[in-house]
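K.L.:
If you scroll down you'll find the structure; I have some questions about it.
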Amino acid sequence: MKVRLKHAAAVGVAEHGNSAVLITVGSGGALLDRRRIDLTRGLRGLPTHPYHHEGSWAVGRYLNSSWARAISLADAVALVEQVRQSAVRGAREGLEGLAAAVPVPIARIGIRACPKLPPTTEERIRNSQAANVADSVMYREAVATAAEARGWTVCWYDRERVFRDAAKALGVEDVDAFLRAMGRPIGPPWQAKQKLAAAAALAAGELPSAGR
């Protein structure tokens, strides 16, 4: 089995709300690190999904819900920016900790591709479809920004294709068996999120680095 990572490592990311599962692999698909990072641990009372919740309330969505509260659009936009900045800091600290722990340089990172959204925060809030995914996009972009600042190549993966891309990178047909074997020595958690992140890391050598 030959993975195009040479002497560098690759990271795969599977976002989960305001946190992210990171799996790092080295040459031959060896598992080097498994961790989960909290992207907004310094929020101190701020929300984790400001587009979907506060943004929606600001434009009149979900106001019949018992958990809704009044907020102006300007305040919602400002809140999104606060959360975004916190996420960038959290991603920067998380990747710094990862890089310090892994014994070889990290060259690439696989992050789930982002859908195209309206360009401004206000437009994303007003568009109900965009608001449903904008929080997740914000967190993925925060990780990408932190990775690029470290000089890592960002590779954007398609969740529907990434396991096939991982199999191609490995030169195997049964990538599921490879992933099960990868997680067995370290034990739980080794569930769908960890396997997805591992596949993204393995596929990073096969994935394009342009576009989000």
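The values are calculated or read from the model by the stated rules, or taken from the named source; none is laboratory data. Bear in mind the structure is a predicted one, so any value in this text is a computation, not a measurement. Note that each Cβ is placed from the backbone with ideal geometry, even for glycine, and that neighbours are counted across all protein chains shown. In case anyone asks, the SASA skips ligands and DNA or RNA and just uses the protein heavy atoms, side chains included. Shrake-Rupley method; radii C 1.70, N 1.55, O 1.52, S 1.80 Å.
K.L.:
Assuming a strict under-25 Å limit between Cα atoms, what lysine pair count do you get for the chain once near-sequence pairs (fewer than 8 apart, same chain) are dropped?
P.N.:
Pairs that pass both the separation and distance tests number 8.
K.L.:
Looking at the stretch 121-212, I'd like the Rg to Rh ratio, where Rg is from alpha-carbon atoms and Rh is Kirkwood's inverse mean 1/r.
P.N.:
Rounded to two decimals, Rg/Rh equals 1.05.
K.L.:
Once you mark the chymotrypsin sites (Phe, Trp or Tyr not before Pro) that are in a DSSP loop and have at most 13 other Cβ atoms within 10 Å, what is the longest gap between them in the chain?
P.N.:
68-212
K.L.:
In terms of modelled amide H atoms, which long-range or inter-chain residues lie less than 5 Å from the amide H of residue 32?
P.N.:
24, 25, 26
K.L.:
Continuing with this model, one more query. How many nm separate the modelled label positions at residue 101 and residue 89, each set 7 Å beyond the Cα in the direction of the Cβ?
P.N.:
Going from the residue 101 label point to the residue 89 one covers 2.1 nm.
K.L.:
In percent, what relative contact order does the chain have, based on Cα pairs under 8 Å that are 6 or more apart in sequence?
P.N.:
31
K.L.:
Once every DSSP H run of n ≥ 4 in the chain is given -39500 (n - 2.57) and the sum is divided by its residues, what mean residue ellipticity at 222 nm do you get, rounded to the nearest 500 deg cm²/dmol?
P.N.:
Rounded to the nearest 500, the figure is -13500 deg cm²/dmol.
K.L.:
Using a 1.4 Å probe on the protein chains only, how many percent of the accessible area of the stretch 60-150 belongs to carbon and sulfur?
P.N.:
49
K.L.:
Pairs of alpha-carbon atoms within less than 8 angstrom and 6+ residues apart define the contacts here; what relative contact order does the stretch 82-167 have, in percent?
P.N.:
44
K.L.:
While we're on this one: Ranked from the most accessible area to the least, with a 1.4 Å probe and all protein chains present, what is the order of 75, 135?
P.N.:
Of 75, 135, the descending order of accessible area is 75, 135.
K.L.:
Could you give the accessible area per residue of the stretch 42-161, probe 1.4 Å, as a whole number in Å²?
P.N.:
About 50 Å² of surface per residue is accessible.
K.L.:
If you filter the stretch 9-59 for trypsin sites (Lys or Arg not before Pro), then keep DSSP loop positions with at most 13 other Cβ within 10 Å, what is left?
P.N.:
Passing sites in the stretch 9-59 are 44.
K.L.:
Still on this structure, I have one more. Could you sort 193, 168, 116 by accessible area so the largest value comes first, with the probe set to 1.4 Å?
P.N.:
Largest accessible area first, the list is 116, 168, 193.
K.L.:
What does the accessible area of residue 98 come to, in Å² to the nearest 10, when a probe of 1.4 Å is used?
P.N.:
Accessible area, nearest 10 Å²: 0 Å².
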